[in-house]
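What follows is a set of notes on a single structure, which appears directly below.
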Amino acid sequence: MSDENAAEAAEDVAEAAQEEAAPDHEFRYDAIVTESCGDVVLHATAEGYLDTLAAAQADGFDQLVDLTAVDYLTYAGRRALPEGIEARRFEVVTSLLNHQRRERVRIRVQLGGDEPIIATAFDLYPGSEYLEREVYDMFGIVFADHPDMSRVLMPEDWVGHPLRKDFAVGSIPVQFKAASNQR
């Protein structure tokens, strides 16, 4: 079998697998497409996240507008996820912008476990460097191959990640310079 025929056969198998897994879903950049509040939402897997970002960038999504995360540990409501996407504890949300077509797309990736890991978007979108560090600092989500995965908001010796739902809330005295208790 020639390389061209083998490549076509592999594509046919991949398309058939996508149709079999979720026949009612539309796919874009190898991610399931839904809509939320008028925005296109792509539900990518953690393993396919970089491929989805690269395909979106190649299609003209030249700016990463935002990257954040959500911890659903104590969330009791129903989450709007398409069939075939398993709800996990963490969700990384990346927003991209295509200036030529004036189009936005949001990429949602489910991550589980106490030590979630996802690939960094830094090589594709260098502006993600600080946003990924902030998500790491607040949620403890590690971005693999990030050039500087260190804290950016909390002190380096801080223990824990304050936006995790299981983070113990304590009382930290706040001291203001030259403040007195007299009124």
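Side notes on the structure shown:
- Spin-label proximity, Val65 to the stretch 81-111 - amide N less than 18 Å from point 7 Å beyond Cα toward beta carbon: 92-109
- Stretched out straight at 0.36 nm per residue, the stretch from Tyr130 to Ala144 would grow longer than its current Cα-Cα span by 3.6 nm.
- The GluC sites (Glu not before Pro) of the stretch 38-147 that meet both conditions, a loop assignment by DSSP and at most 12 other Cβ atoms within 10 Å of the site Cβ, are Glu47, Glu83, Glu86.
- Whole-percent P(r), the stretch 32-183, all Cα pairs, 5 Å bins from 0: 2, 8, 17, 20, 17, 13, 9, 5, 4, 3, 2, 1, 0.
- Counting only DSSP beta bridges with both residues in the stretch 41-124, the antiparallel share comes to about 80 percent.
- The residues neighbouring Glu132, those whose beta-carbon lies less than 11 Å from its own, together hold a net charge of -4 under the Lys/Arg +1, Asp/Glu -1 convention.
- Sparse packing (at most 13 other Cβ atoms within 10 Å of the Cβ) combined with a DSSP loop state is found for the following trypsin sites (Lys or Arg not before Pro) in the stretch 55-131: Arg78, Arg79, Arg101, Arg102.
Bear in mind that the values in this text are calculations on the coordinates, not laboratory data. None of these values were measured; they are calculated from a predicted model. Methodologically, a virtual Cβ is constructed for each residue, glycine included, from the backbone with ideal geometry; neighbour enumeration extends over all protein chains shown.
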